[in-house]
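Structure record follows, encoded as structure tokens.
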Amino acid sequence: MELNNLKKWQDKLHVCIRCGYCFEHCHIFKITGWESDSPRGKLIMLHGLLQGDIKPSDYLAEKMFECYMCKRCEASCSAKVEVTEVFMDARVDFAEAGYDVVGTTSGTNEDLCCRCQVCVAVCKHEARSLDKENKKIVIDKVKCQSCGCCVAACPSGAAYSQEGFRLTPNELREQVVNYLAGGVE
């Protein structure tokens, strides 16, 4: 696997002082509690990848795509590491190497999709487009930040967010019901 985009960060990844302030603001880490899901953990894995200590894998690719690119980790970083830029470059390298992982990226249920392109029009990240030849919505997983605009705007309910990150409409509804019932999550 070529690491053409990630290599530019090779001399900058050591700037992370491993303080962990990014943990407090990372939605993914709050759900799992796993170091490998924290921005710090992902930076450590990428450093290992660049050093040759870790081999590219579906697992590592999945971790890079499990990020909402909200930049809250960057805002809390005392070392001012450009975490989301590093992750974005890692995503590009993994995608170019043929890793086809899902992460937090949105999807489209082709059976429900009417190809109206509303999701394309509202995507501020330009991650959605219409493949005219195959007549289907295509999602650029590198660009998709799962902001939910496509999900909210889709008139047919075809656009969706990935389950398991407590942000889909059903998961949010369940959290509200639990909260109102007196349960804590």
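Descriptive notes on the structure:
- Taking the numbered list (1) within 19 Å of ASP37 (Cα to Cα); (2) in contact with a helix residue (DSSP H, G or I) (Cβ under 7 Å, 6 or more places away or on another chain) in turn, CYS119 passes all entries but (1).
- Scan of region 157-184 for residues that are farther than 20 Å from GLY103 by Cβ and touching a helix residue (DSSP H, G or I) at 6+ places or on another chain (Cβ under 9 Å), ordered by number: GLY157, GLY183, VAL184
- Boolean, VAL102 is out of contact with any Lys or Arg (no Cβ under 7 Å at 6 or more places or on another chain), touching a residue at least 24 places away in the same chain (Cβ under 8 Å) and surrounded by fewer than 17 Cβ atoms within 10 Å (Cβ to Cβ): yes
- Residue match in region 35-47 (condition: without any contact (Cβ under 8 Å) to a residue 40 or more places away in the chain and within 29 Å of ALA158 (Cα to Cα)): yes
- Residues of region 105-145 that are touching a residue at least 24 places away in the same chain (Cβ under 8 Å), assigned to a strand (DSSP E or B) and among the hydrophobic types (A, V, I, L, M, F, W, C): ILE137, ILE139.
- Lone unmet requirement of (1) among the hydrophobic types (A, V, I, L, M, F, W, C); (2) loosely packed, with under 15 Cβ neighbours inside 10 Å; (3) part of a loop (DSSP other than H, G, I, E, B); (4) at pLDDT below 95 for LEU172: (3)
- From ILE17, ILE31, residue being surrounded by fewer than 16 Cβ atoms within 10 Å (Cβ to Cβ), modelled with pLDDT under 95 and in contact with a Phe, Trp or Tyr (Cβ under 7 Å, 6 or more places away or on another chain): ILE31
- Look at region 159-185: where a residue is within 26 Å of ASN109 (Cα to Cα) and a partner is surrounded by fewer than 12 Cβ atoms within 10 Å (Cβ to Cβ) and modelled with pLDDT under 85, sitting 6+ places away or on another chain with Cβ atoms under 6 Å, you get GLN175/GLU185.
- The residue that is farthest from the chain's Cα centre (by Cα), counting only those in region 37-64 that are closer than 28 Å to GLU171 by Cβ and surrounded by fewer than 17 Cβ atoms within 10 Å (Cβ to Cβ), is SER57.
- Of all residues in region 65-99, those satisfying the criterion of being acidic (Asp, Glu) and more than 13 Å from the chain's Cα centre (by Cα) are GLU74, GLU82, ASP93, GLU96.
The values are calculated or read from the model by the stated rules, or taken from the named source; none is laboratory data. What you see is a predicted model, and the numbers here were worked out from it, not measured in a lab. So basically every Cβ, Gly included, is an ideal-geometry build from the backbone, and we count neighbours across all protein chains shown.
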